[in-house]
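One structure below.
The values are calculated or read from the model by the stated rules, or taken from the named source; none is laboratory data. As the structure is a prediction and not an experimental result, all values here were calculated from the model. Ideal geometry is used to build each Cβ from the backbone, glycine not excepted, and the neighbour counts take in all protein chains shown.
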Amino acid sequence: MNNTVNYNIKPNQLGYFGNFGGNYLPEDLKNEFKNIEEAFNEAINNEEFNRELNYLLKHYAGRPSPVTFAKNLSEKYGAEIYLKREDLNHTGAHKINHSLGEALLAKRMGKKKLIAETGAGQHGVATATAAALMGLECDIYMGAVDIVKEKPNVDRMKILGANIISVESGTKTLKEAVDEAFIAYSKEYETAMYAIGSAVGPHPFPMIIEYFQSVIGREAREQFVEMTNVLPDCVVACVGGGSNSIGMFSGFLEDKDVKIFGVEPLGKGVKLGENAASLTYGKEGIIHAFKCLVLQDENGNVANAYSVASGLDYPGVGPKHCYLKEIGRVTYDVISDKEAIDAFYELSKTEGIIPALESSHAVAYSLKLAKKYPNEKILVNLSGRGDKDIEFVLKTKHI
Ligand SMILES: *Cc1c(COP(=O)(O)O)cnc(C)c1O
């Protein structure tokens, strides 16, 4: 009996998964990223580091998050649907898993400050939380437009003690925030650590983020087998930059009978600028110093990404997802704004769980899969809770 295949995929020495990934930073920063890689490899083999990380995940973040059998949804849609409850973590999403890891690593390297960018503010809040806990300074770069739009998260970050730096260039949103955060970091890297918010960026960050998020897949696999005695037939997660999904998928990549689905935001439609489905509509290119599938026009200019779920609207995507798509191990598909909002209400009303709009994309897709595979078991990663989205959703669609 052999139901496993070797999908234990690691980047090569230069940080590539196939054609994707790498590190296109200027030389001095490249050296610093080498230091980060060395510190990371040392840390994850260090008993003390792992003990501290596991302690925080359990006693601070609240892990393990449970797996919930969605009984009502299953009866209504046919298949058995299970939810991995990352929404129950401290701060309300999976991001705390990598933020705690990055902050611990920064401390271990003797850094005094975390620098991060944020769009909707979710990554900023998780980073500010970890910084507060570990006594690190925290500078969060955020577009001026986003600062107005995402006031509750800005207030949260301020309460947690972070400095918010308003970015006034270009469209004054996420892309410019990343650019300016990197400029600041390149002047301060001797005393500061960059805390990336997803499985993106130059090597070694995609590998580091996957490592810290792989706790999701490890737990989920064990919990699922304990509940059902078998593996799921389908595993589903939403893909923005790709951190919650790669964490979940990493637990199942080698189980060849498990079908794996990554769900991208179709937003308002298929036209450039209407969606943020980089794996589906992107072309190979370089964004923020790594190679991946990028949404771009015919001249190679990076397009604006859009989704109703602001945590998903990045025009690039993690390099390992690009590779998993290319080798056909994971199927990537899209869900529209409307389908996601419908699923937001459906899960709330049927199961009493209000999902984040990002996670609602994965829920919506699982309902489609349930119709296609009525006798199967589907495991969905519920990456976060929807409290942050309530005001917006009510304005968009009344109950
Ligand atoms: C940020 C966020 C995402 C998207 O980020 P990934 O790196 O693709 O996981 C998904 N869900 C929630 C709740 C988020 O906050």
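Yes or no: the stretch 331-348 includes at least one residue that is within 30 Å of residue 22 (Cα to Cα), surrounded by 24 or more Cβ atoms within 10 Å (Cβ to Cβ) and in contact (Cβ under 8 Å) with a residue 60 or more places away in the chain. Yes - at least one qualifying residue is present in the stretch 331-348.
Return the residues of the stretch 204-234 that are more than 15 Å from the ligand (Cβ to nearest atom) and closer than 22 Å to residue 53 by Cα; say none if nothing qualifies. Matches in the stretch 204-234: 204, 218, 219, 221, 222, 223. Looking only at the stretch 243-259, residues that are touching a Ser or Thr at 6+ places or on another chain (Cβ under 6 Å) and buried (at least 24 other Cβ atoms within 10 Å of the Cβ) come to 3 in all.
Let's see how each residue does on (1) closer than 26 Å to residue 118 by Cβ; (2) polar (S, T, N, Q):
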{"site": "221", "(1), (2)": "no, no"}
{"site": "225", "(1), (2)": "no, no"}
{"site": "228", "(1), (2)": "no, yes"}
{"site": "232", "(1), (2)": "no, no"}
{"site": "242", "(1), (2)": "yes, no"}
{"site": "248", "(1), (2)": "yes, no"}
{"site": "254", "(1), (2)": "no, no"}
{"site": "259", "(1), (2)": "no, no"}
{"site": "262", "(1), (2)": "yes, no"}
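In the stretch 272-372, counting only helices (runs of 4 or more DSSP H) that sit wholly within it, the ones holding 3 or more residues that are touching a helix residue (DSSP H, G or I) at 6+ places or on another chain (Cβ under 7 Å) and over 19 Å from residue 245 (Cα atoms) span 337-351. Restricted to the stretch 73-186, the set of helices (runs of 4 or more DSSP H) holding at least 1 residues that are of a type in the set (Asp, Glu) and within 16 Å of the ligand (Cβ to nearest atom) comprises 95-108, 144-149. In this structure, is residue 357 surrounded by 12 or more Cβ atoms within 10 Å (Cβ to Cβ), farther than 14 Å from residue 86 by Cβ and within 12 Å of the ligand (Cβ to nearest atom)? In short, yes. For the stretch 309-330, a residue qualifies if it is in contact (Cβ under 8 Å) with a residue 12 or more places away in the chain and either surrounded by fewer than 24 Cβ atoms within 10 Å (Cβ to Cβ) or acidic (Asp, Glu) (or both), and the qualifying residues are 313, 323, 325, 326, 327, 329.
Results for (1) at pLDDT 95 or above; (2) within 19 Å of residue 282 (Cβ to Cβ); (3) within 16 Å of the ligand (Cβ to nearest atom), shown as yes or no for each residue.
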{"position": "320", "(1), (2), (3)": "yes, yes, yes"}
{"position": "350", "(1), (2), (3)": "yes, no, no"}
{"position": "394", "(1), (2), (3)": "no, no, no"}
{"position": "399", "(1), (2), (3)": "no, no, no"}
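Can you find a residue in the stretch 99-114 that is acidic (Asp, Glu) and without any contact (Cβ under 8 Å) to a residue 24 or more places away in the chain? The answer is no, given that none of the residues of the stretch 99-114 is acidic (Asp, Glu) and without any contact (Cβ under 8 Å) to a residue 24 or more places away in the chain.
Out of all the residues in the stretch 211-228, is one or more without any contact (Cβ under 8 Å) to a residue 60 or more places away in the chain and within 20 Å of residue 130 (Cα to Cα)?
Within the stretch 211-228, one or more residues are without any contact (Cβ under 8 Å) to a residue 60 or more places away in the chain and within 20 Å of residue 130 (Cα to Cα).
Restricting attention to the stretch 235-263, which residues are acidic (Asp, Glu) and either part of a strand (DSSP E or B) or within 10 Å of the ligand (Cβ to nearest atom) (or both)?
Within the stretch 235-263, just 255 meets the criteria.
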